[in-house]
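Bear in mind these aren't lab numbers, they're just calculated from the coordinates by the rules spelled out. Just so it is clear, the structure is predicted and the values come from calculations on it, not from any experiment. Because the Cβ atoms are built from the backbone with ideal geometry, glycine has one as well, and the counts that use them run over all protein chains shown.
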Amino acid sequence: MNSTIKTKLFTNWHTMRWVALSVGIFLAVMAMWHKDIFTGFLSAFFVFQAVTNTGCMVAQSCGIPGHNEPASDQESEINYTEVK
């Protein structure tokens, strides 16, 4: 488990991840400077997305990763019930 967290934190740092981290840090400084709670939450949101590489910053990371299990024939069939 620790290796997957470490891998997610330290790999695949692309440009948008650095931009999100920079925006998050900038907003954190502004939140402390102006003592604004909403800006602090917005900052935490950007920093969280940058650190964990989640969100839709790039088209490849948008969405939930699917499982690689093949679908069985029984699951693909749809059964309908007629209501009278």
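Remarks
- Summary value for segment 2-59: 40 percent relative contact order, contacts being C-alpha pairs under 8 angstrom separated by 6+ residues.
- Label-to-label distance, nm, for residues given as Val29 and Met16 (7 Å Cα→Cβ offset): 2.5
- Volume of the Cα convex hull of segment 2-59, divided per residue and given in Å³: 78
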